[in-house]
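Contents: one structure, followed by commentary.
The values are calculated or read from the model by the stated rules, or taken from the named source; none is laboratory data. The structure presented is a predicted model; accordingly, all values stated were derived computationally and were not measured. FYI the Cβ positions are ideal-geometry reconstructions off the backbone, even for glycines, and counts take in every protein chain you see.
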Amino acid sequence: MPAVSWLRKNYLKLLPLPLVLLGLTVFLLLFRKDSTWEEILKRGSIAVCLDPSYPPFEYTDEATGELRGFDVEMAKAIGDYLGLKVEILTVGFDGLYDAVKGRKCDVAISALPYDPLLTQDVAFSISYFEAGLMLVVKEGEENIHSPDDLKGKKVAVEWGSTGDVEARRLKIKLGELEIKPYPTVEEALRAVKEGQADACLADAVSAYSYWGREGGVKVIAPALISTPYVAVVNIKNKALLGKINEALFHLRKTGYLHSLAEKYFGVRPANLWP
Amino acid sequence: MFTGISKRLKKPLLWRGLILLIILWVVTRPAPIIVTLGPPQKVVTINPKIGVHTRLTDEVEEWKIKRTLQMVREMGAPWIVEYFPWGYYEPKKGVYNWAHPDIVVKHALNQGLTVIARLGFVPKWARPKDSIVSYLDPEHYDDFGDFVYAFVEHYRGKIRYIIIWNEPNIALEWGYRPVDPEAYTELLKVAYRRAKEADPEVQVLAGALAPTLAPPGDPWGMNDLDFLRGMYRAGAKDYFDILAVHSYGWTFPPDDPPAPDKVNFRRVELLRRIMEENGDAQKPIIITEGGWNDHPRWSKAVRPAQRVEYTIRAYEIALKEWEWCQAVCLWAFRYPWATHTYQDYFTFVAVDFTPKPIYFEVQRYARGELAQEKLP
């Protein structure tokens, strides 16, 4: 039994072998190339998940039954830039992250806010829309430029909203500030337009919608609390994330995102993304 | 090898280095947070039926437990429902560890709160491999009964209300098996007997049924009204003192009239009617979950202002119109961590303890400050 005899004499030399094999396996697992992008190119289409219940970002046109909205058009524009057909899958809002993680779709584009606590689970693109809390004043107002200018002013908020939380915080910080709560954000914005309040703290989607539809107010950037909307991909799809970011940079640069904002909100906000 | 280490330890330089390291560790380690109980408190409120469901089961740090319960008291809520998972406290048959729940209970009592303990969560040793924590076979009902006995005995004089199981009318809470009012009633009977053996004064709450419109034969659940009727048919009447009800409003205001084909806040009145039909009118009801959600995108959510208004009105209805309702404990006061789903929009206080406007408004209501006020 020469082999057994050799093993007996030299077993110490073989001890590092399992460690080397383990290290190699870990290396291959960690640095293996994700093939999703190649698969997308091969099939010539990209699967986009969205929840069509959030106009004007995504909704179903009641007359035609077609999906419409800012995100729907932006997804198609990303597909055009990448030379891919866009296949849209509708998924409930709370299932969007799981759909990406479980590879039901390649990317979720559904007015999803960046969430730093989820960066271990999914990968986020650059932002395409700032949906955070905005300061809204009456058109022509020249003395209010930031929250610090609200001292002694009347601030309209939607009762119970994030704007309400922030107004209460500002009241503590500034000392003098009158909070005027309204049942809806539209009523709070109207109070500014009609001069019942000096400013309103409202989310960007509501603020731009009102501004575009009714006029008489203006939105002051930047957001008091930032909520950037982003596209979400599987954390392993680095190549796909790079391509989507490239496409979003292109859409930012060419003014396409601003044209979408104009189409769906009726305004061209100065700081569309953070 | 040991001789080598022993020789090295004899070197004074090594000793000095070790001592220096120990001193450095002692000096630089973060100081432990000392949590004191503080003076005993009382809840000040105009509505003694206000309650919330807390989520302290997974809250590790004691100061957070204390802070949560302090804020519940400061909001003006005298009642809390808290989950006490069997599997956490009896890891081996007959071996109990009450360290964590003791902390929760002592702080709750010190804040002047009444605790309603929800009992469930089957330990691994009492269920088949690969089953979920809501799976309990009849052969282990006595094990659950033993736990109920141990729990009630341990907290005798401190916890006077216990809920037996949670939402047994949906498959998720019944081990992903077809739900069965008779089987639940059997479990209830075992738990009731053991609870009363440990403390005849303890109040046993049954049901905690999920409001659902599941059609007959639905594999995922049974309509709560049918389930309660089934419980009575199975002889549940003599085995509970109070009915626990989950009462969510979804998109409907609290005054929306009840109907068998609708899930709304007043659905509890239909359950009440079934109790009356079964000669149980003398028993009270406690709402142990419920409320409204103000997620901006969830289809069953309302606007934040509506949530505030509906919540206060719900507490008011219980106080003024529902004599039979002992407390309304709405879901959920605060989560230990963000869920990143619509669930986060049920809470009164953010994960970092920032109170939401609904917290301040309920507090103002409980202080009697909202009585004459109206929205613009």
Inset, instruction - Go through segment B:207-257 and count every residue that is part of a loop (DSSP other than H, G, I, E, B) and among the hydrophobic types (A, V, I, L, M, F, W, C). - result: 9
Inset, instruction - Could you grab the pairs with beta carbons closer than 9 Å, sequence gap of 6+ or different chains, first residue in segment A:155-166 and within 7 Å of chain B (Cβ to nearest Cβ), second one among the basic types (Lys, Arg)? - result: A:Glu158/B:Arg303; A:Trp159/B:Arg303; A:Gly160/B:Arg303; A:Gly160/B:Arg307; A:Gly160/B:Lys356; A:Ser161/B:Arg303; A:Asp164/B:Lys356; A:Val165/B:Lys356
Inset, instruction - List every residue pair whose Cβ atoms sit under 6 Å apart, with the two residues 6 or more apart in sequence or on different chains, where the first one lies in segment B:32-46 and is in contact (Cβ under 8 Å) with a residue 12 or more places away in the chain and the second, anywhere, is surrounded by 15 or more Cβ atoms within 10 Å (Cβ to Cβ) and hydrophobic (A, V, I, L, M, F, W, C). - result: B:Thr45/B:Ala366
Inset, instruction - May I ask you to say which residue of B:Asn278, B:Asn293 is in contact (Cβ under 8 Å) with a residue 24 or more places away in the chain, in contact with a helix residue (DSSP H, G or I) (Cβ under 6 Å, 6 or more places away or on another chain) and under 30 Å from A:Tyr182 (Cβ atoms)? - result: B:Asn293
Inset, instruction - Might you check whether a residue that is part of a strand (DSSP E or B) and out of contact with any Ser or Thr (no Cβ under 9 Å at 6 or more places or on another chain) occurs anywhere in segment B:134-147? - result: no
Legend entry - Leading residue by the ranking (modelled with the highest pLDDT) among those in segment B:327-365 that are under 16 Å from B:Lys64 (Cα atoms) and among the charged types (D, E, K, R): B:Arg334
Inset, instruction - Find the residue count for segment B:270-305, including only residues that are surrounded by fewer than 18 Cβ atoms within 10 Å (Cβ to Cβ), facing chain A (nearest Cβ under 10 Å) and under 25 Å from the mean Cα position of the chain (by Cα). - result: 1
Legend entry - Odd one out for A:Lys238 among (1) at pLDDT 95 or above; (2) more than 14 Å from chain B (Cβ to nearest Cβ): (1)
Legend entry - Unique residue being surrounded by fewer than 18 Cβ atoms within 10 Å (Cβ to Cβ) and over 24 Å from the mean Cα position of the chain (by Cα) when the list is B:Val27, B:Val35: B:Val27
Inset, instruction - Please specify each residue of segment B:306-329 satisfying the condition of being within 14 Å of chain A (Cβ to nearest Cβ) and among the β-branched types (Val, Ile, Thr). - result: B:Val308, B:Thr311, B:Ile312
Legend entry - Residue that is farthest from A:Val232 (Cα to Cα) [pool: residues in segment A:82-103 that are away from every other protein chain (no Cβ under 14 Å) and assigned to a loop (DSSP other than H, G, I, E, B)]: A:Gly83
Inset, instruction - Output the residues belonging to segment B:134-172 that are hydroxyl-bearing (Ser, Thr, Tyr), more than 14 Å from B:Glu82 (Cα to Cα) and either outside the structural domain of B:Val105 (by TED's automatic domain parsing) or within 16 Å of the chain's Cα centre (by Cα) (or both). - result: B:Ser134
Legend entry - Elements of type helices (runs of 4 or more DSSP H) in segment B:43-115, at least 1 residues being buried (at least 23 other Cβ atoms within 10 Å of the Cβ): B:62-75, B:99-110
Legend entry - Members of segment B:330-344 that are away from chain A (no Cβ under 14 Å) and among the small types (Gly, Ala, Ser): B:Ala332
Inset, instruction - Would you mind finding the one in A:Arg190, A:Arg213, A:Arg169 that is more than 10 Å from every other protein chain (Cβ to nearest Cβ), among the basic types (Lys, Arg) and surrounded by fewer than 17 Cβ atoms within 10 Å (Cβ to Cβ)? - result: A:Arg213
Inset, instruction - Return the total of residues in segment A:92-138 being surrounded by 20 or more Cβ atoms within 10 Å (Cβ to Cβ) and touching a Cys at 6+ places or on another chain (Cβ under 9 Å). - result: 13
Inset, instruction - For segment A:104-138, enumerate the residues that are away from chain B (no Cβ under 12 Å), in a loop (DSSP other than H, G, I, E, B) and under 16 Å from A:Leu50 (Cβ atoms). - result: A:Lys104, A:Cys105, A:Asp106
Legend entry - Qualifying positions in segment B:42-94 - aromatic (Phe, Trp, Tyr) and either at pLDDT below 95 or under 16 Å from B:Val349 (Cβ atoms) (or both): B:Trp63
Inset, instruction - Please find, among B:Asp255, B:Asp261, B:Asp241, the residue that is closer than 22 Å to B:Ile162 by Cβ, modelled with pLDDT of 95 or more, surrounded by fewer than 18 Cβ atoms within 10 Å (Cβ to Cβ) and of a type in the set (D, E, K, R). - result: B:Asp241
Inset, instruction - Being farther than 16 Å from B:Ala236 by Cβ and touching a Phe, Trp or Tyr at 6+ places or on another chain (Cβ under 6 Å) is the filter here, so list the residues in segment B:264-279 that pass it. - result: B:Asn264
Inset, instruction - Can you give me the number of residues within segment A:41-81 that are more than 14 Å from chain B (Cβ to nearest Cβ) and closer than 19 Å to A:His258 by Cβ? - result: 11
Legend entry - So A:Thr36, is it among the hydroxyl-bearing types (Ser, Thr, Tyr), closer than 27 Å to B:Trp298 by Cα and more than 14 Å from every other protein chain (Cβ to nearest Cβ): no
Inset, instruction - Look at B:Ala366 and say whether it is within 11 Å of chain A (Cβ to nearest Cβ) and in contact (Cβ under 8 Å) with a residue 12 or more places away in the chain. - result: no
Inset, instruction - Would you be able to say whether some residue in segment B:326-334 is surrounded by fewer than 24 Cβ atoms within 10 Å (Cβ to Cβ) and closer than 30 Å to A:Gln120 by Cβ? - result: yes
Inset, instruction - Quickly run through segment A:229-271 and pick out the residues that are surrounded by 20 or more Cβ atoms within 10 Å (Cβ to Cβ) and under 19 Å from A:Asp115 (Cα atoms). - result: A:Tyr229, A:Val230, A:Ala231, A:Val232, A:Val233, A:Asn234, A:Asn237, A:Leu241, A:Ile244, A:Leu248
